1. Taking the Cβ of residue 152 as the center, what net charge do the other residues with Cβ under 14 Å away carry, scoring Lys and Arg +1 and Asp and Glu -1?
2. Counting Lys +1, Arg +1, Asp -1, Glu -1, what net charge surrounds residue 104 among other residues with beta carbon under 12 Å of its beta carbon?
3. Dividing the convex hull volume of the Cα atoms of the chain by its residue count, what figure in Å³ per residue is obtained?
4. Angle check, please: helix 26-53 long axis (alpha carbons) against the longest principal axis of the chain (alpha carbons), in degrees 0 to 90, nearest 10.
5. Okay, which of the range 143-157 sit inside 20 Å, backbone N to the point 7 Å along the Cα-Cβ direction of residue 101?
6. Can you compute the modelled spin-label distance between residue 226 and residue 255, with each label point 7 Å from Cα toward Cβ, in nm?
7. Projecting each Cα onto the charge dipole of the chain (Lys/Arg +1, Asp/Glu -1 at the beta carbon, about the Cα centre), which of 115, 292, 65 comes out farthest on the positive side?
8. Residues with amide H under 5 Å of residue 170's amide H, sequence separation 5 or more or different chain, H placed in the peptide plane at 1.01 Å from N; which?
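Read-outs: derived from the displayed coordinates by stated rules, not from any lab. Quick caveat: nothing in here was measured; it's all calculated off a predicted structure. For neighbour counting, all protein chains shown are included, and Cβ atoms are generated from backbone atoms with ideal geometry for every residue, glycine included.
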Amino acid sequence: MSAVNNTDFNSVVFLLTGLPGMEDINLWISITFCFMYLISIVGNSVILFIIKTDPSLHEPMYIFLSMLAVTDLGLSIATMPTILSIYLFNSREISLNACFAQTFFIHSLSKIESSILLLMAFDRFIAICNPLRYTSILTPPRIAKMGLVAVLRPVAMILPLPILLKQFRYCRDNILSHSYCMDQDVMKAACSDISVNNIYGLFLTFFMVGLDSLLVFLSYVMIVKTMLSVASHTECLRALNTRVSHLCAVVLFYTSDIGLALIHRFGNSSTHLLQIILGYVYLLVPPLMNPIVYSVKSKHLRERIIRAFVK
């Protein structure tokens, strides 16, 4: 199928791809994905409900966690229609405009998640390194401004991507590598010069995700340094154990995000399966694992959830 008809731009369609060579077990794969989406949506919704209805959880740490839950819900909703359509109904076609819209939401929400993980690291940095000024620094108006910046910065920087993609002519293979649309994947189908998109995409990866991950790392270095200066190694390890949930979310998200961006631009045919698997890990696993990890590791939140469902 030709990827483009020069006389009818709106008729252009792309073909999405599932797991190659596993078409015979699509039903079982779809059950797995349905189960993952169910846990992700229910888990994040429960966290939002508990935080909203319990005044004792209206603290900066839990407010940032609720922002993360909203972002994870958005990521799940953005990818669910195309992924389940492929594995449940073998429906692979997606129109060009729908593809651009999905690209915008996926990239925007993933970069918003990166910003929120940075805010959560900053929250813990202030709580441990400057506890006496914690409440005076993280006031509700300041938290609202930080949250607004965490949303507006990614949206403003991702918006040019679909606009640039729409300027291209598409005359190459219209089969995409994933079960959803991503900028790195769509631009390979263009017969125009994509060097601007390529450079801008790498800039976004390293300026936003790379910078955010570096600042998160530095915040934990300062946290460990502060704790070692005022506590023993045993107490330091015990305190860091309370941060395991955030560390797990950070490592899982940033390694998959940066790895996927690099494989798309510098990988070859031998890395195709790795690229597909990493794509699923990048967009499906964090929304699935974040509510589970935070509920297990946060004693306060865990008690509230148990109290809400077990009378």
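1. Numbers: positive: 111, 145, 153; negative: none.
Net charge in that neighbourhood comes out at +3.
2. Numbers: positive: 111, 166; negative: 183.
Value of the local net charge: +1.
3. Values: hull volume 47.4 nm³, N = 311.
Per residue, the Cα convex hull of the chain comes to 153 Å³.
4. The angle comes out near 40 degrees.
5. Only 155-156 fall inside the zone, counting backbone N under 20 Å.
6. Result for the modelled spin labels: 2.7 nm.
7. So the residue furthest toward the plus end is 65.
8. HN-HN under 5 Å from residue 170: 191.
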